[in-house]
Amino acid sequence: MTTSSTPLVIGRVIGDVVDNFTASVKMTVTYGSNKHVYNGHELFPSALTSKPRVEVHGGDMRSFFTLIMTDPDVPGPSDPFLREHLHWIVTDIPGTTDASFGKEVVSYEMARPNIGIHRIVFVLYRQKKRNQGVVVWGPPPPPPPGGCRDGFSTRNFADDNELGLPVSALFFNCQRETASRRR
């Protein structure tokens, strides 16, 4: 299956987060029961309190996938010097299932942008095998005590774990909510 990566190029996901790739697997992301993620659409933090359902529509039960959720716009889109902020990693997701069947390596953290409109990116990789042995924080040194998730690199993670290019990606925009929007 080949899909257009145009929204990912226009949204600078290709370039800022991953290199150019051809999507070969369909992935759907849903928050709650009905908040579907579409490239470039907006979701507010109040809809993101629980981890989403991420479905992999490809491969089979013998193929496994790694999911990364990241924010490349930290602390703000005009000067993202802490790029990227890691929100979630799930490995060993069997094809044709969802992320709940995988192994959560880094626990889900909801997006809470403070400055500007942030892109929240989901990237899916096909693993070479199950239990591929994931290195989350390769060189440079691991994050400081306290578990800071800033400074993550999706590209470096994929290289360190020999994942190759992504097979799918989606992103949505998210910004701080005013009190009146939460009501």
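Using r as the Cβ-Cβ distance of Met61 and Asp160, and R0 as 25 Å, what FRET efficiency do you calculate, to the nearest 0.05?
Working: r = 26 Å, r/R0 = 1.06.
The value I calculate is 0.40.
For the chain, how big is Rg over Rh, using alpha carbon atoms and the Kirkwood form of Rh? Can you show the working numbers first?
On the way: Rg = 15.5 Å, Rh = 16.5 Å.
Result: Rg/Rh = 0.94.
Under a 1.4 Å probe, what is the accessible area of region 1-117 per residue, stated in Å²?
Working: 5660 Å² over 117 residues.
Here the per-residue accessible area is 48 Å².
Considering only protein heavy atoms and a probe of 1.4 Å, how much of the accessible area of the chain is carbon and sulfur, as a whole percent? Walk me through the numbers before you get to the answer.
Working: 4770 of 9290 Å².
Heavy-atom surface of the chain belonging to carbon and sulfur, 1.4 Å probe: 51 percent.
Tell me the chymotrypsin sites (Phe, Trp or Tyr not before Pro) within region 43-81 that lie in a loop according to DSSP and have at most 15 other beta-carbon atoms within 10 Å. Intermediate results must be reported in sequence, preceding the final value.
Working: sites: Phe64, Phe65, Phe81; in loops: Phe81.
Passing both the DSSP loop test and the Cβ count: Phe81.
How high is the relative contact order of region 1-119, in percent, counting Cα pairs under 8 Å that sit 6 or more residues apart? Spell out each step's value before the answer.
Values: 223 pairs, mean separation 25.8, N = 119.
So the answer I get is 22 percent.
Given the -39500 (n - 2.57) contribution per DSSP H run of 4+ residues, what per-residue ellipticity at 222 nm results for the chain, rounded to the nearest 500 deg cm²/dmol?
Working: 4 runs with 20 residues, N = 183.
Estimated from H runs of four or more residues: -2000 deg cm²/dmol.
Counting other Cβ atoms within 10 Å, which chymotrypsin sites (Phe, Trp or Tyr not before Pro) in region 11-61 have at most 13 and lie in a DSSP loop? Display every interim value, and only then the final one.
Numbers: sites: Phe21, Tyr31, Tyr38; in loops: Phe21, Tyr38.
When the chymotrypsin sites (Phe, Trp or Tyr not before Pro) of region 11-61 are filtered for loop state and at most 13 Cβ neighbours within 10 Å, Tyr38 remain.
So what is the diffusion coefficient of region 1-83 in µm² per second by Stokes-Einstein at 37 °C and 0.692 mPa s, using a Kirkwood Rh over Cα pairs?
The estimated diffusion coefficient comes to 222 µm²/s.
The values are calculated or read from the model by the stated rules, or taken from the named source; none is laboratory data. Please read these numbers as outputs of a predicted model, since none were measured by experiment. When we count neighbours, we look across all protein chains shown, and the Cβ atoms used for this are built from the backbone with ideal geometry, even at glycine. Remember, those area values only see protein heavy atoms, side chains included, never the ligands or the DNA or RNA. Shrake-Rupley method; radii C 1.70, N 1.55, O 1.52, S 1.80 Å.
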